[in-house]
Each structure stands twice: as C-alpha cells, then as structure tokens.
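Below is one structure, written out as structure tokens, with a few remarks after it.
Every number in this text was worked out from the coordinates using simple rules, so none of it is lab data. Predicted model, so just to flag it, every value in this text is computed and none were measured. Note that we place each Cβ from the backbone using ideal geometry, even for glycine, and neighbour counts take in every protein chain shown.
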Amino acid sequence: DGFNRSMEAVQHNFTPGKSLVLPSDTRFQPSETGYLPYSAAGYGFRANAFAEQQAYYNNLYPGEGNTAYSLRKNSSDGTLRQTTDYAPGKSQVGQGRGIETQQLNDGCNCIPRWHLDASGLPVSNGFYPLNELFGSMIKTKATDGFLPQRKIIYKNKDGRVVFEQLADSTTPGQTYTYLQTFYIYNDQGQLCYVIPPAAADNAMSSGSISQQTLDQYCFRYRYDDKGRKVEQKVPGKGWEYFVYDKRDRLTFYQDSLLRTQNNSWTFTLYDGLDRALMSGIYGPSGKAAPCCRHTLKIPTATAPIPLFTT
C-alpha cells in the first residue's frame, strides 16, 4: 500500500490452476488481526480478498462462523503492560479464549545468579539485583472455577532465559505452587546447564549442585572454541559426542550405546552443496573416544579425507 506495508500475498500455482492468497489488514487500529490464507482459482491480485476468505472458510467449516483469523489485543493500562492473543476458530477467538502475556520486572531480589567455577560446575553467589531481569507472565483464561494456568519467564539483559516458573496447581481455592527451572550460561553466553524442577529447589537453597544431582537430573552441554556443541548429556542417558568438518557440518555422532559397540560412530558425508550423500556406522578399531574425536577419517576410493577440524 502507500505506506509500503504488505496488503496481500499471492502464491501462484499453489495447486494446479489455483493460488494461495493471504490478505493483510493494514488499518490503523490497536488490535492486530491476522487472516488465514485461502485457495482461489486464477492468478494475480484479488480485489475482494476479505470477502472471498470469509466465504471460503464458511463453506469449509459451516459451524465456525467468521472466525478464520487470529487477534492480538493490547489490554495495557496505567499499572501494567499486557497483550492478549486469540487463536483462530470458534472455540478460541469466537469465545474470547485468549492467552494473556503480562510484562514483569524482577522486584523480589530472590532469583539466584549462577556462574561456572574454575572446574566448570555451576555455583550461585547471590541474587540478581532489583529490576535487573525482564519478566513475562503467560496465563490462560480461567474456566469452570479453576485458576488460570500460569508460566513466568525471566530473561537477562542479553535476552537469554535464566529462570522459569510453571504453575503446578490450578485447583480452586488454593494458591499457586510453582515448578522452577534454571538456565545457566558460560561467559560466552552459551547454555551449559538446565536445572529442572527435580533439582532446582535444592540447588536454590544450597547455592550449589552435587555431581550426583547433575548426572541424574540435569541437562549439560559443552562447546568447542568455535561455539559448536561437541558434548551433551541428558538425564537417563550417557554422554553424546558431536564432531564437525571444516564447514561446520555434523559428520560424526556417538552416544553411550555406540561406545559399547566397538566404540563405533555414525557418520554422514556431504557434497559441495551441503547435501547428505551417505550415512552409516564407522568403527575405528576400538580406539578410545577422546582419541577418535581428533583422528577420525573416512576413506574414499582414492584417499582418506579428514572431515573435521579440532
């Protein structure tokens, strides 16, 4: 339109002889409306796209009414910043069942600040100062006397999630109880630990996490000098290893089960356009895992080709 905003998108020949049309509402209004795309015969600009879209979905879903659109309402006032999102459909936007997102500030000085010690283990040496974090509370509409479901997320100034709370109880007449999760990063901003609710309460009270708790409950990640994930461990599973080539393509992978099978690795070979050409299992004659990660090569018809750098 005259303000350089998209008012209609048409994908030609979406199906033989038909186009996929996506109309956009460009009116200046506080509520943002997003319309679902529809299929129409022919090509080019559709002058009556909104009427055609409504007729298309009324014919496709006769009982839904004119609800083939999503809606975002700005419900902020002088004391809070809040938006409400409604999904398409009679049971959602048609009945006013939206998801509210309210912006919060950390005003309790009670969220631990985690960092990694010299050995790479997470420790807490205090709490985030007041208003240091940016939070948002996501909640659904209360129904049938139950408390609305809640999820609270806090992010640091770099936009990384550091703390998350999920309401564990929505029983009428009770107060909220929360399941807590911590996300711990290294100095480069890479996610190194995820402390789930099973370990979060004890970690919050003690300010540290034992090795047994890390092995049993926590998600752990390690990276190389190029920021690529080279090791990870999830609860109930052994360490997994990832090896990349000079173009940062994943070429070798090994989990704890493959290590018991003659220390084997799965591999993937690529062509010049980064398309996978071959995959399989490679067994480097029982060498130890740390050695293999620095020496793995896959032979071709002419010569062995090193597939990664360290």
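Averaging the inverse of every distinct alpha carbon separation and then flipping it gives the Kirkwood radius. What is it for segment 202-249, in angstrom units?
Numbers: mean 1/r = 0.0805 Å⁻¹.
Taking the inverse mean of 1/r over all distinct Cα pairs, segment 202-249 comes out at 12.4 Å.
Starting from 0.36 nm per residue, how many nanometres of slack lie between Leu121 and Asn58 once their C-alpha separation is accounted for?
Numbers: separation 63, 0.36 × 63 = 22.68 nm, distance 5.81 nm.
Between Leu121 and Asn58, full extension yields 16.9 nm more.
At 222 nm, what value in deg cm²/dmol follows for the chain if DSSP H runs of at least 4 each add -39500 (n - 2.57) and the sum is divided by all its residues, to the nearest 500? Intermediate results must be reported in sequence, preceding the final value.
Details: 5 runs with 40 residues, N = 310.
Only helices count here, giving -3500 deg cm²/dmol.
Cross-link list Lys151/Lys229; Lys157/Lys246; Lys90/Lys155; Lys139/Lys237: which exceed 31 angstrom alpha carbon to alpha carbon? Could you put the intermediate results ahead of the total?
Details: Lys151/Lys229 29 Å; Lys157/Lys246 33 Å; Lys90/Lys155 34 Å; Lys139/Lys237 33 Å.
Beyond 31 Å between Cα atoms: Lys157/Lys246; Lys90/Lys155; Lys139/Lys237.
If you average the sequence gap of Cα pairs under 8 Å that are 6 or more apart and divide by the length of segment 185-233, what percent do you get for the contact order? Please list the in-between numbers first.
Numbers: 46 pairs, mean separation 16.4, N = 49.
Reported relative contact order: 33 percent.
Suppose the chain between Asp158 and Lys226 were pulled fully straight at 0.36 nm per residue; how much longer would it get relative to their current alpha carbon spacing? Numbers along the way, then the final one.
On the way: separation 68, 0.36 × 68 = 24.48 nm, distance 1.99 nm.
Result: 22.5 nm gained on full extension.
Straight-line reach from Lys18: which aspartates and glutamates have Cα under 19 Å away, leaving out those fewer than 8 places along the same chain?
Within the straight-line cut-off, Lys18 pairs with Glu8, Glu52.
What translational diffusion coefficient, to the nearest whole µm²/s, does segment 27-132 have by Stokes-Einstein, given a Kirkwood radius computed over alpha-carbon pairs, a temperature of 4 °C and 1.567 mPa s viscosity?
Working: Rh = 18.1 Å.
In µm²/s, the coefficient is 72.
Ratio of Rg to Rh for the chain, alpha carbon only, Kirkwood? Mind dumping the intermediate values first?
Values: Rg = 26.5 Å, Rh = 24.7 Å.
Across the chain, the Cα-based Rg/Rh ratio is 1.07.
For Ser75 and Gln261, what does the FRET efficiency come to when R0 = 45 Å and r is the distance between their Cβ atoms, rounded to the nearest 0.05?
Numbers: r = 57 Å, r/R0 = 1.27.
Result of the calculation: an efficiency of 0.20.
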